[in-house]
1. Taking the full set of protein chains and a 1.4 angstrom probe, give the accessible area of residue 429 in square angstrom, rounded to the nearest 10.
2. Can you list residues whose amide H is under 5 Å from residue 401's amide H, if they're 5+ apart or on another chain and H is modeled 1.01 Å from N?
3. Hey, rough spin-label estimate for residue 206 and residue 419, points 7 angstrom out along Cα→Cβ, what's it come to in nanometres?
4. Quick check: the distance between the Cα centres of the range 77-91 and the range 336-360, to the nearest angstrom?
5. Mind sorting out which of (1) 34.0; (2) 40.1; (3) 23.4 is the real mean projected area of the Cα convex hull in nm² computed from the coordinates?
6. Of 386, 262, 148, which is farthest on the positive side of the dipole of the chain, counting Cα position, with +1 on Lys and Arg Cβ, -1 on Asp and Glu Cβ, and the Cα centre as origin?
7. Counting Lys and Arg as +1 and Asp and Glu as -1, each charge on the Cβ, what is the dipole of the range 74-179 about the Cα centre in debye, to the nearest 20?
8. Check which residues have an amide H placed less than 5 Å from residue 249's amide H, if you skip close sequence neighbours.
Amino acid sequence: MSSSGSVFCNGCGDFVYNSDALFAHSRAALAYQEKHTQFQVAKKGREPFKPWIPNSKDTEALEGAIAIPCQGRRGLLNLGQTCYLNVILQSFVANPLLRNYFLSDKHNTKLCSKTKDCGCCEMDKLFSEVYSGNEAPFGPISFLSTTWRASSDLAGYSQQDAHECFISTLNHVHATSRGSTKLSCICVVHSTFDGLLQSDVKCERCGNVTTTTDPMLDISLDLKSKGGEVGQEYTLASCLRRFTHPEKLSAYNCVKCSKTTPASKRLSIRKLPPVLSFQFKRFEHKTADHSTAHKIESSVRFPASINMAEYTTLVMNARNGKDEKGGSEQHPYPGPPALYDYDLFSVVCHDGHIDNGHYTCFTRHQDEWYYFDDDKVTHSTLGKCLRSQAYMCFYVKRNLDYKPYMTPSYIVAREAEAVKEKEREKEKEAALMREVEDALLATV
């Protein structure tokens, strides 16, 4: 079939797996997407994907390397109500971008200059343990202690929120990453999870629109309507539509007409990240007293794959007649629809009440699904995952955007400093030689 690349056999009346056909189809689809993508650096076409081909140096290194398992499935010990940490760590292990980064030795614990509480070192240790081939449950003791020291709110053996642990861990890994900056950061965290939310506030008196953008590492979705009512069942799509639906503001200070007037506020996604993380707001705190908190048990149906185009700023502006960049009538946005497709790879679940619940998770390893309950790992199915009570969902972009390779700024600075250091050494040697020559002339 031209749409999927599958081969149908008329003799047996079934689809036949053919690796060559699938490879040819994927390369043809990728070439089409690269050709028709319009939004890339300096208005150029999308950077063509080039498969990695080892050179002689790589081949020599691979010959002396020790093979490790290609899949990491290892249970994590509960160290005292630490199921919230275990599910987040399992979602990190299943994340293909984080896995590729740390397994390619981009951060080596033994070479790290930081002596204590390095988040990247803990991630490197985690991946090393999970992919070590040891099937016995692993206790992330040092990861837990580092998390406690980095975030006092998570310290102790009381029950904690998995989403708070997720954000705290990302911030700590970012802070200890090589090349970490406050603006336009290219560390592993921002290269994986960083996106942009756009807020458009329209004054109903003069029609002026004020636009602001804010960085995001995840998207938190309400399970309540604007009126505060809780439904019985939701879908991820309905939550996203509510998230991007214009909201009425009763009193807005307009910067153009200098009046306090009603306005409407609309959120949209300006930049989609490679990995999308969704949190469903199941835990509601009506007052500052946490003892009055309760859990929203509403069911949320989420898909195995989702197209995020309709929630982006480009598409929403195009629908409102403000198309910023040319798109076809069929697809009012640049690039093929496949560029906005995301596939599910991990789901964090919460069972029980808010005060005595338990976290578990499902993760995808290639095309197989597994269920993680602390140290217990069992084979599962996609159907069971989709029927679970999700608290967080993780999706990875099916087709990553490739940009021209740019040497990181910290490497450029390091290389420039090395050149300057060599020049200083040469100047010192020349000065020393002149002193020796002057001393020899003085003795003659």
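The values are calculated or read from the model by the stated rules, or taken from the named source; none is laboratory data. The shown structure was predicted, so the numbers you read here are calculated from the model rather than taken from an experiment. Glycine gets a Cβ as well: all are built from the backbone with ideal geometry, and neighbour counts include every protein chain shown. All accessible areas refer to the heavy atoms of the entire protein, side chains included, with ligands and DNA or RNA removed. Shrake-Rupley method; radii C 1.70, N 1.55, O 1.52, S 1.80 Å.
1. 120 Å²
2. Residues meeting the criterion, in which the H sits 1.01 Å from N, do not exist here.
3. Label at residue 206, label at residue 419, 5.1 nm between them.
4. One Cα centre to the other: 15 Å.
5. Matching entry in (1) 34.0; (2) 40.1; (3) 23.4: (1).
6. Selected residue: 262.
7. 360 debye
8. Those qualifying (amide H under 5 Å, at least 5 residues apart or on another chain) are 263, 264, 265.
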